[in-house]
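Heads up: the structure comes next, in structure tokens.
The values are calculated or read from the model by the stated rules, or taken from the named source; none is laboratory data. Treat the numbers as computed from the prediction; the structure is a model and nothing was measured. Every residue, glycine among them, receives a Cβ derived from its backbone with ideal geometry; neighbour counts consider all protein chains shown.
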Amino acid sequence: MSTFEILMPKMGESVEEATITKWFVKVGDKVEEDDPLLEIATDKVDSEIPSPVAGTVKEIKFNVDDVVPVGTVVAIVALEGEESDDVAEEKPKEIPTDKEAPAPKNDTPKVVKDETKDAPQSDRFYSPLVKSIAKEEGISFEELDAIPGSGKDGRVTKDDIMNYLSSKKSGEPTAKEAPSAALAKPSPNVQAPKVSASAEDEIVEMDRMRKLIADHMVMSKQVSPHVTSVVEADVTNLVIWRNKVKNQFQEKYGEKLTFMPLFAEAVAKALRDFPGVNVSVDGYNIIKRRNVNIGIAVALPSGNLIVPVVKQADQKNIVGLASDINRLADAARNNKLTSDDIQGGTFTITNFGSFKNTIGTPIINQPQVAILATGTIEKKPAVIETPEGDAIAIRHKMFLSLSYDHRVVDGALGGMFLRRIADYLEKADINRGV
């Protein structure tokens, strides 16, 4: 009998695991190619996973709510026309409803909460694989807690613990002997204060997406020392040009021309001018990104936030940027984003001006090192230079605020980069065509 293993797919370079949120099939069900098998959720997006083959579901290895590493077998499908008699006669059975999933027949551990009574308590998450290696090698939980983690939210991966064992056996300094190696890692033991509620208060549990956002924001503040710089830009010419061409633009290209494509164009140019901002940090290594991929924060009807990404933004004109941004924003609000739509961002823009806010200090979207907040555009009296001398005139102005990771972006670089964005916006050509 030939079978096909359904693997947990990799949903992006920074995604190492996903949560199973729904099964569309049960053991014994027949599926066609591209039929949905299960729904998964990451800290980025929810996705349906289709079957790449036709056949009969022979085995389901995980339950709903299980957290599974990418590359792990989640189900097995007997290929169509090749089921053995025992598979054909097997009665369909429901997925177990308790939290203990059936034990996998391969060596890949299932990621579930460790229920061992004698296990020491720790505020840090360890996968069963890491726990198994630690147990086999005689590593205590106290020693395990001292190992710097390179995984999501500072988690210890298999490579981390194997490198630790290698260093320990070779006599090199380990994490406990060389605490400086963990300086760039977030503390896993930060405790939130206890909060009490009175009888008049209402307690509402965060939804899954809000929990993920909360964890990601806390992690970002722990990982990156945030610094924020602010400039005020005179965008009068930009406003005049957009007002002049927006109707023609929509008629010609079928796209609404908002200010966001204009902001993205200026940011993309500035990132090419200052590539030191278009980077990520991995421990003590700086990863210089080849592509300029700009994430645009989008507020959802649920009150949550998601950041779809415009890929290679520096290679697109205003038409291309407007088309991508409008498509991504519409897909985000209708829950139609794909996993690719939200992966690979190297810089993020968040528009506080959408809510008539003048200024803000946004939190960096890890693993990026900077994020720009654009404030509302307001008419203000300003002193301008004319051939006849200084004069007071009504100008369109806005604040731009840049939060950046002070580990790798110093005030000089951050300040010059922000000023360059403002310069591009201020020098908009009012005679520019569409």
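Below, the figures for the structure above:
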{"read-out": "Residue match in the stretch 251-266 (condition: outside any loop (DSSP other than H, G, I, E, B), of a type in the set (Asp, Glu) and under 18 Å from Phe347 (Cβ atoms))", "value": "yes"}
{"read-out": "Residues being surrounded by 15 or more Cβ atoms within 10 Å (Cβ to Cβ) and either without any contact (Cβ under 8 Å) to a residue 60 or more places away in the chain or in contact with a Pro (Cβ under 6 Å, 6 or more places away or on another chain) (or both) - total across the stretch 298-308", "value": "4"}
{"read-out": "Extreme residue, modelled with the lowest pLDDT, among residues of the stretch 2-26 that are surrounded by fewer than 19 Cβ atoms within 10 Å (Cβ to Cβ), in a loop (DSSP other than H, G, I, E, B) and touching a strand residue (DSSP E or B) at 6+ places or on another chain (Cβ under 6 Å)", "value": "Ser2"}
{"read-out": "Criterion (out of contact with any strand residue (DSSP E or B) (no Cβ under 7 Å at 6 or more places or on another chain), surrounded by 20 or more Cβ atoms within 10 Å (Cβ to Cβ), modelled with pLDDT of 90 or more and on the phi < 0 side of the Ramachandran plot) met by exactly one of Ala331, Ala322", "value": "Ala322"}
{"read-out": "Breaking point among (1) modelled with pLDDT of 95 or more; (2) within 20 Å of Val310 (Cα to Cα); (3) of a type outside the set (A, V, I, L, M, F, W, C), for Asp340", "value": "(1)"}
{"read-out": "Pair list, Cβ under 7 Å, 6 or more apart: the stretch 70-81 residue without any contact (Cβ under 8 Å) to a residue 60 or more places away in the chain, other residue part of a loop (DSSP other than H, G, I, E, B)", "value": "Glu80/Ala54"}
{"read-out": "Sole residue being at pLDDT 95 or above, within 21 Å of Phe417 (Cβ to Cβ) and of a type in the set (A, V, I, L, M, F, W, C), chosen from Val277, Val245", "value": "Val277"}
{"read-out": "Ile384, sole failed condition from (1) of a type in the set (Val, Ile, Thr); (2) assigned to a strand (DSSP E or B); (3) at pLDDT 95 or above", "value": "(3)"}
{"read-out": "Flag if Gly353 is in contact with a Gly (Cβ under 8 Å, 6 or more places away or on another chain) and either at pLDDT below 95 or over 26 Å from Ala233 (Cα atoms) (or both)", "value": "yes"}
{"read-out": "Residue list for the stretch 45-63, filter: under 26 Å from the mean Cα position of the chain (by Cα) and at pLDDT 90 or above", "value": "Phe62, Asn63"}
{"read-out": "Matching option when the condition is on the phi > 0 side of the Ramachandran plot, assigned by TED's automatic domain parsing to the domain that holds Phe263 and either in contact (Cβ under 8 Å) with a residue 12 or more places away in the chain or not aliphatic (A, V, I, L, M) (or both), among Gly344, Gly353, Gly360, Gly414", "value": "Gly344"}
{"read-out": "Selection count where residues are surrounded by 13 or more Cβ atoms within 10 Å (Cβ to Cβ) and assigned to a strand (DSSP E or B), scope the stretch 334-379", "value": "11"}
{"read-out": "Residues of the stretch 151-165 classified as outside any loop (DSSP other than H, G, I, E, B), modelled with pLDDT of 75 or more and within 22 Å of Gln222 (Cβ to Cβ), total", "value": "3"}
{"read-out": "Test for Ala322: is it more than 27 Å from Val239 (Cβ to Cβ), assigned by TED's automatic domain parsing to the domain that holds Ile377, touching a Leu at 6+ places or on another chain (Cβ under 7 Å) and among the aliphatic types (A, V, I, L, M)", "value": "no"}
{"read-out": "Set Asp98, Asp86: member being at pLDDT below 90 and in a loop (DSSP other than H, G, I, E, B)", "value": "Asp98"}
{"read-out": "Residue check, Ser229 under 31 Å from the mean Cα position of the chain (by Cα), part of a loop (DSSP other than H, G, I, E, B) and either surrounded by 12 or more Cβ atoms within 10 Å (Cβ to Cβ) or at pLDDT below 90 (or both)", "value": "no"}
{"read-out": "Test: residue in the stretch 388-403 that is polar (S, T, N, Q), within 13 Å of Gly295 (Cβ to Cβ) and at pLDDT 95 or above", "value": "no"}
{"read-out": "Some residue of the stretch 36-43 being farther than 22 Å from Arg210 by Cα, at pLDDT 75 or above, outside the structural domain of Val309 (by TED's automatic domain parsing) and part of a loop (DSSP other than H, G, I, E, B)", "value": "no"}
{"read-out": "Any hit, the stretch 273-286, residues being farther than 30 Å from Gly149 by Cβ and assigned to a helix (DSSP H, G or I)", "value": "yes"}
